Amino acid sequence: MDKELATKYTPGEVESKWYNYWLEHKLFESKPDTRDPYTVVIPPPNVTGILHMGHMLNNTIQDILVRRARMEGKNACWVPGTDHASIATEAKVVAKLATQGIKKNDLTREEFLKHAWEWKEEHGGIILKQLQRLGASCDWSRTAFTMDEKRSESVLRVFVDLYNKGLIYRGVRMVNWDPKALTALSDEEVIYKDEHSKLYHLRYYVENEDRYIVVATTRPETILGDTAVCVNPNDERYSWLKGKRVIVPLVGRAVPIIMDEYVEMEFGTGCLKVTPAHDVNDYMLGEKYNLPSIDIFNDNGTISEAGGMYIGMDRFDVRTQIVKDLDAASLLEKVEDYDNKVGYSERTNVVIEPKLSMQWFLKMSDLARPALDAVMNDDIKFHPAKFKNTYRHWMENIKDWCISRQLWWGHRIPAYFLPEGGYVVAASAEEALELARQKTGNANMQMSDLRQDEDCLDTWFSSWLWPVSLFDGINNPGNDEFKYYYPTADLVTGPDIIFFWVARMIMAGYEYCKLPPFRNVYFTGIVRDKIGRKMSKSLGNSPDALGLIDQFGADGVRMGLMLAAPAGNDILYDDALCEQGRNFCNKIWNAFRLVKGWSVDENIAQPDTAATAVKWFDAQLSKTLAEVKDLFSKFRLSEALMAVYKLFWDEFSSWYLEVVKPGYQQPIDAATYRATLDYFDALLRLLHPFMPFITEELWQHIAERGEGESIMTALIPEAKPVDESLIAAFEVTKQIIAGVRTVRLQKNIPNRDALALQIVGAHDAANDCVIAKLTNLSDIAVVTEKDANSMTFLVGTTEYAVPLGNNIDVEAELAKLNEDLKYMQGFLRTVMGKLSNERFVNNAPAQVVELERKKKADAESKIKSLEERIASLSK
């Protein structure tokens with residue numbers, strides 16, 4: 001290995017070198033052994049996906065947790081994989097075929113799936129390769145796909161099992177229909193958006209009368225499917241309508257008036273048009289009053305033959321036209337502006353259509369109970385905990401899950417229809433034939449007599465089994481790997497899929513393993529731009545993820561994201577954060593080059609300054625080690641990074657190295673050099689989970705390493721007992737040094753000119769050698785009376801004076817001192833006002849009153865010091 005360290009940090013060279021090294025030596029791979037396991041399963045990105053900012057954040061957090069666990073001596077196993085993403089992938093394949101002049105409907109299912117698998121093989125690994133650029137330390141040998149053999153077998157087994165338990169059923173229900181993807185959706189796949197709509201007031205004439213009622217609707221096109229009008233029986237305005245029928249405008253169909261308290265008298269006109277085929281609430285009224293149901297829409301959102309008018313026109317074109325026709329026929333009373341929420345398909349972003357459809361459903365209420373209890377009892381902890389309420393509300397109001405999709409790409413539903421009606425459910429065609437023969441009593445039945453259901457399963461029906469199926473816990477329950485790695489440790493995901501995925505995984509875990517699938521769930525925030533907008537291609541505010549890595553380096557990007565990523569809160573992303581990360585990399589690099597550039601003399605003794613600094617930094621390091629360990633236990637990763645950042649930048653670089661570095665062209669003693677390298681080693685280990693590449697490069701340069709050795713498997717240092725008095729004393733030392741430096745700055749005194757320091761009051765001289773070195777002092781002395789011509793500052797209640805000799809403008813100094821005195825006297829009056837108020841003293845908490853008394857004492861001490869200084873300069 002090349003041991004010559006480059007003068008500048010070049011991320012691209014370092015990153016590819018070390019990622020290949022880690023892969024070559026199989027350092028990410030995990031096999032069960034005697035260590036404690038630490039298991040994380042990746043939220044499988046869509047096989048169609050490419051790396052975006054959300055992926056970068058989520059996988060950076062996972063990698064930080066996994067690398068930290070590895071360095072704590074655990075057997076870390078991070079399992080990667082991709083999701084087959086039925087709707088998104090099928091849409092991509094259909095679009096690709098269209099460019100070749102091929103329509104999906106012109107192909108057989110088998111021909112279409114051949115194209116789909118080819119597309120998956122070509123594009124399916126892209127996002128996983130991109131994650132490697134980020135530094136993701138996944139066990140790539142375990143890479144899974146939700147439609148690979150093991151996962152597919154697991155899905156079919158679970159479907160059959162749940163069907164046999166009576167939890168899966170088939171029936172005609174009102175579903176959310178996506179007219180673009182041509183499939184049903186679950187409730188969770190519908191996004192409701194606020195829209196400025198119109199409320200159309202239509203005239204429904206009473207049959208055989210010259211009177212009409214007015215019905216308000218936002219969807220006038222659906223009058224084609226009206227089969228009743230409903231009013232509230234308590235609404236006296238409409239009591240005269242009892243037993244009557246009204247004529248649907250334009251359509252001419254006479255429909256009954258029904259009376260039900262479901263109708264809100266205050267809403268609209270108090271009359272509700274009932275369209276059972278196209279509104280979930282109307283459907284329930286239709287069931288209750290045995291109303292006919294007219295499905296007026298084709299699957300693609302055009303008007304069907306059953307609509308009777310506007311056949312073949314798109315639903316939104318019909319809305320425009322029918323309003324004109326109603327107006328022309330004097331059947332439109334008025335149109336009002338109206339704000340409402342409209343449901344959109346989460347995948348295709350088209351308006352969903354409520355539609356009666358034969359679908360497969362999974363009963364959820366029994367599955368939900370143990371999953372709800374697990375989270376509410378903290379058997380599974382949410383970070384941040386605020387998401388428990390969101391979860392509880394959904395779980396307590398859970399509806400049956402529509403699990404069928406009218407697609408070809410996905411797990412085909414293992415139901416087989418019999419020639420004379422009915423069906424059987426089985427995990428394989430062979431089992432289905434055997435069941436069919438038993439059910440029909442026809443021993444001669446052949447496979448060709450059966451017809452498998454054309455639909456496939458919702459993509460989430462495979463990903464809800466992910467933590468279990470990755471270790472083959474469905475097909476081979478209790479296998480050695482499953483027993484070792486399951487339950488997994490932590491899940492990192494976004495709160496937007498808390499229902500789609502998190503809740504369902506918990507249900508599957510308890511149903512099939514009687515155990516939770518994970519112990520902790522860390523919810524990331526949404527990555528937004530610096531002015532708070534959600535990132536999107538249309539806004540042009542979503543940076544190219546790989547472009548950022550090229551520009552700032554993977555470590556810079558990882559650090560930039562984490563600096564702004566408190567759990568559960570949205571991230572306001574700005575390139576300046578990645579720039580800060582890159583600058584930190586340069587700081588680490590240059591500090592290392594400084595230390596490695598020192599010449600070492602084994603024969604010189606360790607100076608007092610260095611011995612003091614070593615003792616102090618040892619305590620500071622242990623304090624931060626303990627703090628970071630605590631923050632990791634609470635999943636406060638941003639704060640943990642900031643603690644290490646400050647330790648390196650402020651304490652190590654700005655203070656420790658400044659104290660111990662030898663004079664120009666002078667050697668350093670061996671004891672201090674060894675301690676400094678040890679500290680650098682410890683700091684690199686602390687930083688490694690956050691910034692894996694630069695820390696590996698520098699750790700390899702600290703000492704000779706064997707082939708295959710890596711900082712990845714070096715243990716995080718353990719914190720020693722901390723002497724807080726050492727740290728407190730050094731904080732005072734820093735303030736004294738800052739005070740002297742301020743005098744030099746304000747009086748423009750060069751650093752090469754030695755100064756003296758006089759002390760009036762209590763002072764610990766233990767760190768005087770450090771103060772003298774960093775401020776170039778010739779003398780530090782405790783005095784009863786300071787030099788008349790000196791500049792002073794306070795640290796606590798102790799006054800420090802720097803004699804200035806001829807380096808002072810007396811008039812300017814007096815003006816400044818009088819200004820400071822005036823301010824302090826005003827401050828003291830404010831404090832005294834509080835302390836002279838009996839109600840404040842008697843009612844405020846004791847610590848608040850005590851704080852005010854301390855302010856009073858400090859102000860009086862500073863006023864005395866200022867008055868003395870003014871007096872001495874006025875002589």
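The values are calculated or read from the model by the stated rules, or taken from the named source; none is laboratory data. Everything quoted here is computed from the prediction, not taken from an experiment. Glycine gets a Cβ as well: all are built from the backbone with ideal geometry, and neighbour counts include every protein chain shown. Quick note on the areas: whole protein, heavy atoms, side chains included, nothing else; ligands and nucleic acids left out. Shrake-Rupley method; radii C 1.70, N 1.55, O 1.52, S 1.80 Å.
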Worksheet item: In bins 5 Å wide, starting from 0, what share of all Cα pairs of the range 745-862 does each bin hold, as a percent?
Response: 2, 9, 16, 17, 15, 13, 11, 8, 6, 3, 1, 0
Practice prompt. Order the following by accessible area, largest value first: Arg451, Arg593, Arg558. Probe radius 1.4 Å; ligands, DNA and RNA are ignored.
Written response: Arg451, Arg593, Arg558
Worksheet item: Which of rounded, prolate, oblate describes the range 592-747, given a ≥ b ≥ c as roots of the alpha-carbon gyration tensor eigenvalues and a/c under 1.5 marking rounded, otherwise prolate only if a/b is larger than b/c?
Response: oblate
Worksheet entry | Separation between Cα centres of the range 411-479 and the range 684-730, rounded to whole Å | 54 Å
Worksheet item: Measuring from label point to label point, each 7 Å out along Cα→Cβ, what is the Ile126 to Ala729 span in nm?
Response: 6.2 nm
Response to the item:
For the chain, the longest principal axis of the Cα atoms and the Cα long axis of helix 504-513 enclose an angle in degrees, to the nearest 10, of 80 degrees
Discussion item. Over 54 Å apart: what share of the alpha carbon pairs of the chain falls there, rounded to a whole percent?
Written reply: 36 percent
Worksheet item: What is the range 196-321 by shape, rounded, prolate or oblate, if you read a ≥ b ≥ c off the alpha carbon gyration tensor as root eigenvalues and call it rounded for a/c under 1.5, prolate for a/b larger than b/c, and oblate otherwise?
Response: prolate
Discussion item. Using 10 Å bins from zero, what percent of all Cα-Cα pairs in the range 66-123 falls into each bin?
Written reply: 19, 37, 12, 14, 12, 4
Practice prompt. Mind giving me the FRET efficiency for Val190 and Ile526? R0 is 22 Å, r the Cβ-Cβ distance, nearest 0.05 is fine.
Written response: 0.70
Worksheet item: Quick one: Karplus J couplings for the range 597-613, per residue in order, coefficients 6.51, -1.76, 1.60, θ = phi - 60°, nearest Hz, x for Gly and Pro?
Response: x, 6, 8, 10, 10, 5, 9, 9, 6, 6, x, 4, 4, 5, 4, 5, 5
Worksheet, complete the sentence: The answer for trypsin sites (Lys or Arg not before Pro) in the range 74-129 that fall in a DSSP coil and have at most 15 neighbouring Cβ atoms within 10 Å is Lys103
Worksheet item: If one puts a single equal scatterer on every Cα of the range 74-200 and applies the Debye formula without solvent, what log₁₀ I(q)/I(0) results at q = 0.11, 0.17 Å⁻¹?
Response: -0.64, -1.20
Worksheet item: What ranking do 410-420, 755-765 get when scored by the average of other Cβ atoms within 10 Å per residue, highest first?
Response: 410-420, 755-765
Worksheet item: Between Lys17 and Arg741, what length comes free when the chain is fully extended (0.36 nm per residue of separation minus the Cα-Cα distance, one decimal in nm)?
Response: 256.2 nm
Worksheet item: So, counting K/R as plus one and D/E as minus one, what does the shell of residues with Cβ under 11 Å around Asp449 add up to?
Response: +1
Practice prompt. Quote to one decimal, in nm, the extra length available between Ala762 and Lys242 on full extension: 0.36 nm per residue of separation minus the C-alpha distance between them.
Written response: 177.5 nm
Worksheet, complete the sentence: Quick note, the range 127-205: a/c under 1.5 would make it rounded; otherwise a/b > b/c is prolate and the rest oblate (a ≥ b ≥ c, C-alpha gyration tensor); here it is oblate
Worksheet item: For the range 675-815, how big is the tail of P(r) above 26 Å, as a whole percent of Cα pairs?
Response: 47 percent
Fill in: At 0.692 mPa s and 37 °C, Stokes diffusion of the range 252-352 via Kirkwood alpha-carbon radius, µm² per second
206 µm²/s
Worksheet item: Mean residue ellipticity at 222 nm from the helices of the chain, using -39,500 (n - 2.57) per DSSP H segment of n ≥ 4 over the full residue count, to the nearest 500 deg cm²/dmol?
Response: -13500 deg cm²/dmol
Discussion item. Helix 670-687 against the longest principal axis of the chain: what's the angle in degrees, Cα atoms only, rounded to the nearest 10?
Written reply: 20 degrees
Response to the item:
Spelling it out for Lys381: with amide H atoms placed in the peptide plane at 1.01 Å from N, the residues 5 or more places away or on another chain with amide H under 5 Å from its amide H are Asn520, Val521
Practice prompt. Evaluate the relative contact order of the chain (contact order divided by residue number), counting alpha-carbon pairs under 8 angstrom at least 6 apart; express in whole percent.
Written response: 12 percent
Worksheet item: What Kirkwood radius, in Å to one decimal, follows from the Cα pairs of the range 1-128?
Response: 18.1 Å
Worksheet item: Evaluated at 4 °C with a viscosity of 1.567 mPa s, what Stokes-Einstein diffusion coefficient in µm²/s does the range 424-575 have when Rh comes from the Kirkwood expression over alpha-carbon pairs?
Response: 66 µm²/s
Worksheet item: What is the Rg over Rh value, at two decimals, for the range 537-657, using alpha-carbon atoms and the Kirkwood definition of Rh?
Response: 1.09
Discussion item. Between the range 203-255 and the range 101-131, how far is it from one alpha carbon centroid to the other, in angstrom?
Written reply: 51 Å
Item to complete: Relative to the compact-globule scaling 2.2 N^0.38 Å, provide the ratio for the alpha-carbon radius of gyration of the range 526-586.
Response: 1.08
Worksheet item: Between Leu755 and residues 5 or more places away or on another chain, which pairs have amide H atoms under 5 Å apart, with H built 1.01 Å from N, and which residues are they?
Response: Leu777, Ser778
Response to the item:
Total charge of the residues flanking Leu250 in space, meaning their Cβ is under 12 Å from its Cβ, with Lys and Arg +1 and Asp and Glu -1, is -1
Worksheet item: Given N residues in the range 629-685, what is Rg(Cα) / (2.2 N^0.38 Å)?
Response: 1.41
Worksheet item: Cβ under 14 Å from Asn234's Cβ, Asn234 left aside: what net charge do those residues give with Lys, Arg +1 and Asp, Glu -1?
Response: -4
Practice prompt. May I have the convex hull volume per residue, in Å³, for the Cα set of the range 446-497?
Written response: 96 Å³
Fill in: Radius of gyration and maximum dimension Dmax of the range 725-769, Cα, Å
11.8, 34
Response to the item:
Computed ³J(HN,Hα) along the range 827-841: with the Karplus parameters 6.51/-1.76/1.60, θ = phi - 60°, integer Hz and x for glycine or proline, the list is 4, 5, 4, 4, 5, 4, x, 5, 6, 8, 8, 4, 4, 5, 4
